[in-house]
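What follows is a single structure, written as C-alpha cells, with notes after it.
Only the coordinates and a few stated rules stand behind these numbers; no lab work does. All values reported here derive from a predicted model rather than from experimental measurement. A quick note on method: Cβ atoms are made from the backbone with ideal geometry, for glycine too, and the neighbour counts reach across all protein chains shown.
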Amino acid sequence: MKQKVNLVTWKRKAHFQFFNSFEEPYYGVCVRVDCTAAYAASKRMGCSFFLYCLYQSLTSVQQVEAFRLRVEAGDAYLYDRIDGGSTLPRVDGTFGFGYYTFTEDMAVFMADGQREMERVRLTEGLERRGAQNLVRYSALPWIDFTSLSHARRFAVGDSCPWITFGKMTESAGRRSMPVSIHVHHAVVDGVDVGKYIEAFQARMDQE
C-alpha cells in the first residue's frame, strides 16, 4: 500500500522539485559498520550472515520515513512497507536477482530468504521486477571498499535506495564491514541517511 504525498503542504516541496530535476539526483556515502555482535548472532542462529544483515537493514529502513518514499511520474509516494531485492551468486559463476518480502518475524524472513537464495542459484537469465517498494541490495564480500558507484540507466527513472555490503575484516577482536548507501536526493536528505545508519548499527549491535 502507498499514499500520495501532498506537495502543496509538504515542507520539502521545494527540495523535491529541485532535486527531481537533476540528471543525476543520486548521492552516496560509505561508512564502516561494526558487525561483531551481528556475526556472532548469525553463527549462533545458524543462518546466512548476508540474510541477517539484510533483515536488520530492512527493519531499519521501515523506521526511516524518507527511505519509504518513492518518486513516481513526478510525484512522491509513501509506501507502508519496503521489501528487498539483491544480487545472488549462481552455480554457473554468474548472478541473478532475488526478492524478499519484509516481515518483522525474523524466523519467517530467514526461512523465506533461504528458499529464495536456493531458487535463484538454479535460475538462468535476469529476472527483474517492476516493484518500486524495494531497496536494491548487493554484496561484495571480496572487497573492503572505501567508495562505490553503480551502473545506472539515466533514461529509466528510479528512486529506490541502493545499499551494498562489503568485505568483513577483523582487527583487535572486532569485526566490521564497509556499507555503501546511495539515495535519491528528491526524497532522502543527509539527515535521513544518518538516521538509517544509526538505526542499522543499533540493530547490528544487538546480542
For this session: For the chain, set up a Gaussian network in which alpha carbons nearer than 10 Å are linked by springs, and say which option among D83, D192, D105 fluctuates the most.
Result: D105
For this session: Taking the Cβ of F67 as the centre, find all other residues whose Cβ is under 9 Å away and add up their charges (Lys, Arg: +1; Asp, Glu: -1).
Result: 0
Exercise. What are the GluC sites (Glu not before Pro) within segment 48-118 that DSSP puts in a loop, where the Cβ has at most 13 other Cβ atoms within 10 Å?
Worked result: E104
Exercise. By a straight-distance test (C-alpha under 25 Å), which lysines pair with K195 as possible cross-link partners, with residues fewer than eight away in the same chain excluded?
Worked result: K2, K4, K11, K13, K167
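In segment 33-90, which chymotrypsin sites (Phe, Trp or Tyr not before Pro) are in a loop and have at most 12 other Cβ atoms within 10 Å, using DSSP for the loop call?
none
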Problem set entry | Net charge over other residues, Cβ less than 12 angstrom from the Cβ of V191 (K, R count +1; D, E count -1) | -2
Problem set entry | Sequence ranges 142-152, 159-169, ranked by mean other-Cβ count within 10 angstrom, highest first | 159-169, 142-152
